[in-house]
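I have a structure here, written as structure tokens, and I will follow up with some questions on it.
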Amino acid sequence: MHERLDAQTAAADAGVGIGFADLGLGDNLVRQLATLGASEPFPIQAATIPQVIAGRDVLGRGRTGSGKTIAFGAPLVERLLRLHHERHPEGAKGRSMGRSPRALILAPTRELAQQIDRTVQPLARSVGLFTISIVGGVPYQRQLTGLHRGVDIVIGTPGRIQDLVDKRELDLSQIAISVLDEADHMCDLGFLEPVQDILRLTPGGSQRLLFSATLDRAVESLVAEFLEDPSVHEVADEDQASSTIHHRVLVIDPHTKRDTLTELVGGAERAIVFSRTRVFAEDVAMTLDDAGIPAVSMHGDLNQAKRNRSLAALTRGQVRALVATDVAARGIHVDDVELIVQADMPDDHKTYLHRAGRTGRAGAQGVVVTIIAPGRRRRMTELLEHAGIEAEWEDRSTPRPPRTRPRY
């Protein structure tokens, strides 16, 4: 895709020596970014922020943790502010109750949508704009009240967005900028048609931005239909293999898995353990708790409030481990997660990369340990090759006794 669209590659040191103001962001946004801990732009931000402000459609790829949210969130706010001043040069006139939103950000999961909102909201507020998070698992009335008051930026998941559009509670006719974050994952989850339906309700010719950690054939139809002459960017040397993440594979006997997990997590201050199923996630969390390692579980069967509490417990240091299904593989940002343990091997290389992306963020050090049974060696080798990962292997399994011919 990048070859056909003539991608511009941003060097890993792009942005060094320049500030956000140099990219075109206003003083209020620059100050707010500093408050959020962003003192200078990451490569993907340096590459794309000027393009977004200029009104270009943008297709961007950078690994999880490379700063994509600020890469689209900060210039989106700046662009909205400039469009507003063009329409209302006299000032704030026109920001009435019940106004229709001017920007839409779509994300595949509730957690990612809420994570985006936590970053974009303070940026928007710094210039007098307002955001709302529209996701499932949250009471309708709270979201309806927010929409009726009037918002500028809607951030949500395709299901709930489409639901409120169908109920005529959400008007997309004034959208000037649409963002698709992790578009490949939306396609993997079966959201391709809902996303297409939603974008077709936004004005033709409006600005569209698509950001993702991976870009493959699944998103080509979205790019072809909705992005016009996009500015295409990817960040060199931002893949997992060349990052600050150390990858390990432990081959163990299945009956030793719980002891191995306890040993691994017990040596970390903050860890996330990935499980394939809800039942095993809860079992591992209890096992760790029983071993004196405070842990909570997180999975799709929990309502949003409970999922948020589990994440907050890890963020605040109330527990040392979060045991989660792949509901946490994208959109979960917790500072200083030093260890990722894959208690169950992921189904594909993209899931591996996104799980691994919960550590080693923004250049920090991290370790990813994948636990497998002896019979999964070949499949694990193939998965690592597809992901472009070089891992350290350790075999702790019991050697099989040599086969002998029976005597007759």
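Which entries of Lys68/Lys257; Lys68/Lys306; Lys68/Lys167 have Cα-Cα distances beyond 29 Å here? Don't skip to the answer; put the middle values down first.
Working: Lys68/Lys257 36 Å; Lys68/Lys306 27 Å; Lys68/Lys167 32 Å.
Over 29 Å Cα-Cα: Lys68/Lys257; Lys68/Lys167.
Here is a further query. Taking the Cα atoms only, what angle lies between the long axis of helix 43-53 and the longest principal axis of the chain, rounded to 10 degrees?
Relative to the chain, helix 43-53 is tipped by roughly 20 degrees.
Ok, one more. Springs between alpha-carbon pairs under 10 angstrom, Gaussian network model over the chain: which of Pro50, Pro158, Pro254 fluctuates most?
Pro254
Anyone know which of Leu209, Leu180, Leu164 comes out most mobile in the 10 Å Cα GNM of the chain?
Among Leu209, Leu180, Leu164, the largest mean-square fluctuation in the Gaussian network model of the chain belongs to Leu164.
Right, something else. Could you derive backbone 3J(HN,Hα) for the stretch 260-268 from the dihedral phi with the Karplus parameters 6.51, -1.76 and 1.60 (θ = phi - 60°), listing whole Hz in sequence and x where the residue is Gly or Pro?
5, 4, 4, 4, 5, 5, x, x, 10
Hey, can you grab everything whose amide H is under 5 Å from the amide H of Leu210? Only 5+ residues off in sequence or another chain; H modelled, so Pro and N-termini drop out.
Close amide H contacts, sequence-distant or interchain: Val58, Leu59, Gly60, Leu180.
Can you list the residues, at least 5 places off or on another chain, whose amide H is less than 5 Å from the amide H of Val319, using H built in the peptide plane?
So Val319 has HN proximity to Leu314.
Would you compute, from DSSP H runs of 4+ residues alone, the mean residue ellipticity of the chain at 222 nm, taking -39500 (n - 2.57) per run and dividing by the full residue count, rounded to the nearest 500?
-11000 deg cm²/dmol
Name the long-range amide H neighbours of Val367: under 5 Å, sequence gap of 5 or more, or other chain; modelled H, no Pro or chain starts.
Excluding prolines and chain starts, which carry no amide H, the hits are His246, Leu339, Ile340.
Next question, about the same structure. Tell me, what HN-Hα J-couplings in whole Hz come from the Karplus equation 6.51 cos²θ - 1.76 cosθ + 1.60 at θ = phi - 60° for each residue of the stretch 163-171, using x for Gly and Pro?
3J(HN,Hα) across the stretch 163-171, in whole Hz: 4, 6, 5, 4, 7, 6, 9, 10, 9.
Where does helix 377-387 land angle-wise versus the long Cα axis of the chain, in degrees 0 to 90, nearest 10?
Computed tilt is about 20 degrees.
Taking the chain as a Gaussian network, Cα atoms linked when under 10 Å apart, which of Ala291, Ala391, Ala74 shows the biggest mean-square fluctuation?
Per the Cα network of the chain with a 10 Å cutoff, Ala291 tops the list.
What does the extension gain come out to for Ala224 and Asp348, with contour length at 0.36 nm per residue minus their alpha carbon separation?
Contour length minus Cα-Cα distance gives 42.0 nm.
Return an integer: the convex hull volume of the alpha-carbon atoms of the stretch 240-395, in Å³ per residue.
Dividing the Cα hull volume of the stretch 240-395 by its residues yields 99 Å³.
Taking only Cα atoms, what is the 0 to 90° angle, nearest 10, from helix 140-149's long axis to the longest principal axis of the chain?
30 degrees
I would also like to ask the following. May I ask you to list the GluC sites (Glu not before Pro) in the stretch 343-402 that are in a DSSP loop and have at most 12 other Cβ atoms within 10 Å of their Cβ?
Listed in order of number, the matching sites are Glu390.
Note down the magnitude of the dipole of the chain about its Cα centre, charges +1 on Lys and Arg C-beta and -1 on Asp and Glu C-beta and zero elsewhere, to the nearest 20 debye.
Once rounded to the nearest 20, the dipole reads 1060 debye.
Since every read-out is calculated from the coordinates, none of them should be taken as a lab result. If you're wondering where the values come from, they're calculated on a predicted model, not measured in any experiment. Don't worry about glycine lacking a Cβ; one is built from the backbone with ideal geometry, like all the others, and counts go over all protein chains shown.
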